[in-house]
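Written below as structure tokens is the structure these notes are about.
The values are calculated or read from the model by the stated rules, or taken from the named source; none is laboratory data. These figures come from a predicted structure and were not determined experimentally. When we count neighbours, we look across all protein chains shown, and the Cβ atoms used for this are built from the backbone with ideal geometry, even at glycine. We work out accessible area using only protein heavy atoms, side chains counted, and drop any ligands, DNA or RNA first. Shrake-Rupley method; radii C 1.70, N 1.55, O 1.52, S 1.80 Å.
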Amino acid sequence: MEKQPRLLASQLFLKNSVFEVLLNGVLLTWKEIPANKKVISGSIHHPLKVGTSHSVSVSEILAVRELHVDGGTKDDGRWQKMSQKLTEAYPYAFTASRPKHLLVYINPYGGKQQGKCIYEQKVAPLFACASISTDVIVTEHANHARDHLKTEAELKKYDGVVCVGGDGMFSEIVHGLVSRTQRDNGVDQNSPEEKLVPCTLRIGIIPAGSTDCICYATVGINDPVTSALHVIVGDSQPMDVCSVHHNNTFLRYSVSLLGYGFYGDVLADSERKRWMGPARYDFSGFKKFLTHHHYEGAVSFLPATDTLGTPRDKTRCRAGCFICQHDGQLYSGDSQEESKTAPDVSDREYEVGWGVVRGKFLAINAASMSCACPRSPKGLSPAAHLADGTTDLILVRKCSRFNFLRHLLRHTSKDDQFDMTFVEVHRVRRFRFTPRHCQNDSELDLRENGKQLFSQICRDHPACSSAYSSWNCDGEILPHAAIEVGVHCQLIKLFARGIEEQPLFEDLANPPCAL
């Protein structure tokens, strides 16, 4: 490893002891210089041991302040506190990747309606400490942030966008930022074959919602302070985004889960019971499990045959993931697979490169990340990756209610949840789903005509238990059952670094604090 040049070499006097302090471009290191005076080891106010070298990565330092000590201050054996009085702006960071100016959106209604309080009490003081200026917008209605980003926001002024809220708020930011980027670059979002332009601004997530699955799956914990620190130090985590189309019409973007059948039914039913609060998900889940509907259709998909990982290789996506780096570089070029269009399952079932699966399904899920959460620590697809240009397509065929329960319980255990005869999983770059009885239908509006259409189809096809389900797209219901999905590799970047295997600071002597 190349030796880093020293930027600072000095001595620090603290608690009647002298410390040698060295700073280079990578590490800040300090070591107490031995003296004749006996040092009381183990003291809570003096955790450093004589002669032992300690260090902290420069990238983890929050801020630096010059400490002015009044003449009357005495050394009482404690670490000296900085004055709380705000002074003129200090250098905000050590590296150019750290943000200076952020656009912040706060959802005051999400979760327990604590978004504004969380930001003001826990996040804003840290941003101020790091000399980050902010423009804060408290949203007033649904899609306020999305529409503002698409039309009014002066994005050139900012180094990033931060959302304070849950997964719904994050989805708004993604839709606004991606749509704005495509419009500014003349890209037609309604074309499923169009290659989208990556967003230059990074997105920060301050968890403050009822569900913070995106934050949990990208950071490993739902903690506002941790997420704020990732923003401050300028971490960058690329992330794939799926585009969803119906008949060459853009519907939505997805970053986590697309679910048809069981998960779509649960969401649709829970939306009618919002008065129950978070308990509505458990109630609707139990209800739909007992109903045990299955759905017929055909799934065509383009497998990701050139990637390093597989859905069952037990390789977790972690900070600095090699698979994401490798596959992201591989997919950044013009891939031949990417240019192939989805086959018409009725006429071109055996087109080279594409696979087609027909049958009766209890669930069809596409996981672009592990979808881990506190209730399901492994998630729906434990080996899914954040930025490899693929999504894991999980097909759960019709089975007994008991076997389906076994499958659901596998999400909370350490066992291989794909090791069942009625479950198959494919790592894909694109896929299309066509319900059996509407392969030639040009339009299927579930919201307006769902009940009437379902009853008519079931009269025409007595063997069909229930003709159509709904697609759950990151917690939103899609209006169409027949969809086409494409994965856009590393379309956005987060102020994050992925889940770390071990905490960075296990030694109390190396706290992640401001110096």
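For region 148-179, GluC sites (Glu not before Pro) meeting the loop criterion (DSSP other than H, G, I, E, B) and having at most 10 other Cβ atoms within 10 Å: Glu152, Glu154. Across the options Val138, Pro108, Thr226, the greatest Cα extent toward the positive end of the charge dipole of region 98-235 (unit charges at beta carbon of Lys, Arg, Asp, Glu) belongs to Thr226.
Once neighbouring chains are kept in place and the probe is 1.4 Å, which whole percent of the accessible area of region 98-235 is contributed by carbon and sulfur?
Working: 2620 of 5600 Å².
So the carbon and sulfur contribution to the accessible surface is 47 percent.
For the residues Lys414, Lys378, Lys287, a 1.4 Å probe over the protein chains yields an accessible-area ranking, largest first, of Lys414, Lys287, Lys378. Think of each Lys and Arg Cβ as +1 and each Asp and Glu Cβ as -1; about the Cα centre, that makes the dipole of region 98-235 roughly 300 debye. Take each peptide in 124-131, 203-210, count the other Cβ atoms within 10 Å of every residue, and average; sorted highest first, the result is 203-210, 124-131. Accessible area per residue (1.4 Å probe, heavy atoms of protein chains only) ranks Val64, Val56 as Val64, Val56, with the largest value leading.
Going down the list Lys288/Lys414; Lys287/Lys414; Lys100/Lys150; Lys273/Lys360; Lys398/Lys493, which pairs span over 30 Å between their C-alpha atoms?
Details: Lys288/Lys414 25 Å; Lys287/Lys414 26 Å; Lys100/Lys150 22 Å; Lys273/Lys360 28 Å; Lys398/Lys493 38 Å.
As for pairs spanning more than 30 Å Cα to Cα, those are Lys398/Lys493.
Take Ser300: with every protein chain present and a 1.4 Å probe, its accessible area is about 0 Å².
Kirkwood's formula applied to the C-alpha pairs of region 106-207 gives a hydrodynamic radius of 14.6 angstrom. Karplus-derived 3J(HN,Hα) values for region 479-488, using 6.51 cos²θ - 1.76 cosθ + 1.60 with θ = phi - 60°, are x, 10, 8, 7, 9, 10, 10, x, 9, 10 Hz; glycine and proline are entered as x. Computed on protein heavy atoms with a 1.4 Å probe, the accessible areas place Thr200, Thr412, Thr52 in the order Thr200, Thr412, Thr52, largest first.
Remark: region 91-213 carries 45 Å² of accessible area per residue (probe radius 1.4 Å; ligands, DNA and RNA excluded). Measuring with a 1.4 angstrom probe and ignoring ligands and nucleic acids, Arg180 comes out at about 30 Å² accessible. Rolling a 1.4 Å probe across all protein chains gives Lys150 an accessible area of roughly 70 Å².
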